């Protein structure tokens with residue numbers, strides 16, 4: 001592969017090394033290509049001559065690599081050679097020496113002569129703990145500072161190390177990949193196999209490491225004879241699943257949402273149009289980068305987020321709060337940090353956090369049996385959400401906004417707090433059409449059936465209407481019918497039931513909550529007007545009484 005330009009996270013390391021009195025640089029990357037790049041950098045002739053680390057060397061610089069498996073190897077000017085072959089690695093390998101012996105030998109070299117050491121493959125807490133005391137000692141040891149020795153520690157996750165070690169070391173975070181690097185990688189692969197590739201792949205592969213991109217490109221060539229865009233996006237989605245997140249590229253836009261015209265207009269005018277507006281960008285006016293959707297279950301919060309992603313042409317990253325919390329110490333913090341890195345590497349994108357109340361719970365509701373894990377995860381997320389440099393758009397969803405911490409949902413983190421009401425008659429009619437003709441193709445005997453069903457399902461949520469359509473279709477097919485009639489829908493009404501008295505109380509309480517938390521009162525007023533006035537049949541009397549009780553104009 002061609003030598004990549006020096007963006008350079010390596011030069012950044014030199015600046016930090018000069019500015020901070022520490023000899024240890026924690027290099028956080030899981031990309032083997034970055035490790036190769038680092039080794040090529042420290043063995044280059046220009047490494048010392050360009051004075052990257054403010055060195056004034058009076059004798060030759062020693063270059064050493066320490067690996068838990070291979071032990072110590074040393075650069076002889078042409079290649080890396082084992083320093084010793086006696087003993088065995090802690091994992092039973094026959095090469096090199098054990099990590100404790102290697103660390104002691106490395107300690108001697110760093111303090112005796114100018115040495116640059118790369119300690120790689122520190123991929124577990126066990127290995128991190130084994131060298132933490134040494135790193136703390138090396139970071140500020142007078143002899144090491146005097147010798148101008150440097151230690152790069154390559155790890156996929158700096159949180160494997162304890163707080164004290166991280167505080168004393170310099171943290172370097174190479175990017176997953178830059179567009180220039182991805183282009184160089186793909187150009188080389190394409191040239192080797194005499195192939196071309198779509199330029200859209202350069203954008204689609206953002207957030208992939210160079211190793212992952214090369215692997216996906218080669219696999220696509222072996223399978224399909226060329227580098228296909230679909231193969232790269234599929235590989236990227238598989239990688240995201242390994243990180244614990246779901247990456248998709250939604251196919252349906254506003255046509256997937258029935259009704260909710262007020263909400264559609266608001267999102268079009270205040271989010272989508274502003275993001276795409278070059279003049280607004282020049283003025284420094286941007287759309288909200290934090291949107292909180294709250295409402296009763298099944299009212300389409302995740303659907304609105306997906307549609308926004310489709311209309312903006314942005315990747316959609318879905319995160320479940322329940323998946324973030326893990327029983328292993330430190331794992332939750334790692335997942336939150338990983339989410340930030342992955343999201344920003346794919347930015348601009350939509351990050352949808354479902355059931356966000358599990359992370360941003362009010363302080364008085366937090367149970368302190370988790371050793372502060374929940375509070376640390378929340379603080380990390382708040383820091384990211386309040387970062388002016390953040391490029392991703394965070395959309396949170398909750399059914400319990402009153403349980404969220406006020407600091408968590410303040411302006412600057414969630415600028416837009418928007419309630420979602422159950423659909424009124426016109427919206428229910430459209431939702432039934434969407435779930436019988438857009439999302440899925442269910443033949444209906446005649447359209448009047450949907451009109452009647454929309455009238456019978458007052459106060460139902462969109463999710464419940466979807467279940468009704470599926471249940472009716474299932475009944476029709478169990479009877480080998482070629483279309484769904486009113487008989488099947490009426491039968492489905494006995495399977496998918498809603499307690500209207502309970503739902504009426506839930507809606508009443510929700511309207512009170514919406515008045516308290518909604519960020520845009522004008523929008524709320526329009527939503528209430530739309531919801532409480534556009535009904536049909538017996539639902540009219542119910543909603544009139546509710547409107548009068550809540551003193552809504």
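Just so you know, all these numbers are worked out from the coordinates, no wet-lab data involved. Just so it is clear, the model here is predicted, and its values are computed rather than measured. Using ideal geometry, Cβ is built from the backbone for each residue, glycine included, and neighbour counts are taken over all protein chains shown.
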Based on alpha-carbon positions alone, could you give the equivalent ellipsoid semi-axes of segment 263-317 from the gyration tensor, as √(5λ), descending, whole Å?
23, 12, 10
Each label sits 7 Å from Cα toward the beta-carbon; between residue 173 and residue 278 the label points are separated, in nm, by 3.2 nm
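Once you have the Cα-Cα distance between residue 513 and residue 196, take 0.36 nm times their residue separation minus that, and quote the gain in nm to one decimal. Could the numbers behind the result be given before it?
Working: separation 317, 0.36 × 317 = 114.12 nm, distance 5.63 nm.
So the chain would gain 108.5 nm between residue 513 and residue 196.
Highest mean first, what order results for 215-223, 127-135, 188-196, 110-118 on Cβ atoms within 10 Å?
Details: 215-223: 17.2, 127-135: 18.8, 188-196: 12.9, 110-118: 21.1.
Final packing ranking: 110-118, 127-135, 215-223, 188-196.
What do you get for Rg/Rh of segment 254-420 when both radii come from the Cα atoms and Rh is the Kirkwood radius?
On the way: Rg = 15.9 Å, Rh = 16.5 Å.
Looking at segment 254-420, the ratio lands at 0.96.
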Which FRET efficiency value, to the nearest 0.05, do you get for residue 445 and residue 180 by plugging their Cβ-Cβ distance into 1/(1 + (r/R0)^6) with R0 = 60 Å?
0.50
With the convex hull built on the Cα atoms of segment 358-471, state its orientation-averaged projected area in nm².
10.2 nm²
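Please work out the ratio of the alpha-carbon Rg of segment 179-243 to 2.2 N^0.38 Å and round it to two decimals.
Details: Rg = 10.6 Å, N = 65, 2.2 N^0.38 = 10.7 Å.
The value comes to 0.99.
Please compute the Kirkwood hydrodynamic radius of segment 384-433 from all pairs of different C-alpha atoms, in Å with one decimal. Write out the running numbers ahead of the final one.
Details: mean 1/r = 0.0741 Å⁻¹.
Its Kirkwood hydrodynamic radius stands at 13.5 Å.
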If R0 = 22 Å, then residue 490 and residue 534, at their Cβ-Cβ distance, give a FRET efficiency to the nearest 0.05 of 0.35
On C-alpha positions alone, give me the angle between the axis of helix 462-478 and the longest principal axis of the chain, in degrees, nearest 10.
80 degrees
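For the chain, give me the percentage of DSSP beta bridges that are antiparallel, rounded to the nearest 5 percent.
Numbers: 11 of 49 bridges.
The answer is about 20 percent antiparallel.
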Here, residue 129 and residue 497, labelled 7 Å along Cα→Cβ, have an inter-label distance in nm of 5.6 nm
Taking segment 117-164 as the region of interest, what is the percent of Cα-Cα pairs per 10 angstrom bin, listed from the shortest bin to the one with the maximum distance?
26, 53, 20, 0
Note the angle between two axes, namely the Cα long axis of helix 500-517 and the longest principal axis of the Cα atoms of the chain, as a number of degrees from 0 to 90, rounded to the nearest 10.
50 degrees
Expressed as a rounded percentage, what relative contact order does the chain have, with Cα pairs under 8 Å and six or more residues apart?
11 percent
For the chain, with equal point scatterers placed on the C-alpha atoms only and solvent neglected, what are the log10 I(q)/I(0) values from the Debye formula at q = 0.09, 0.13 1/Å, to two decimals?
-0.82, -1.31
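Counting each pair of different Cα atoms once, what's the Kirkwood radius of segment 423-553 in Å, rounded to one decimal? Mind dumping the intermediate values first?
Numbers: mean 1/r = 0.0632 Å⁻¹.
Evaluated on segment 423-553, it is 15.8 Å.
Please compute, over every Cα-Cα pair in segment 415-492, the percentage with a separation greater than 19 angstrom.
Numbers: 955 of 3003 pairs.
Pairs farther apart than 19 Å: 32 percent.
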Debye-sum result for segment 136-255 in log10 I(q)/I(0), which assumes one identical scatterer on each alpha carbon, at q = 0.12, 0.13, 0.15 Å⁻¹:
-0.63, -0.69, -0.79
Crossing angle, helix 179-192 versus the chain [Cα axis fit, 0-90 degrees, rounded to tens]
80 degrees
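Hey, can you rank 71-77, 395-401 by average C-beta count inside 10 Å, highest first? Don't skip to the end; give the middle numbers.
Numbers: 71-77: 17.1, 395-401: 22.9.
Ranking the peptides 71-77, 395-401 by packing returns 395-401, 71-77.
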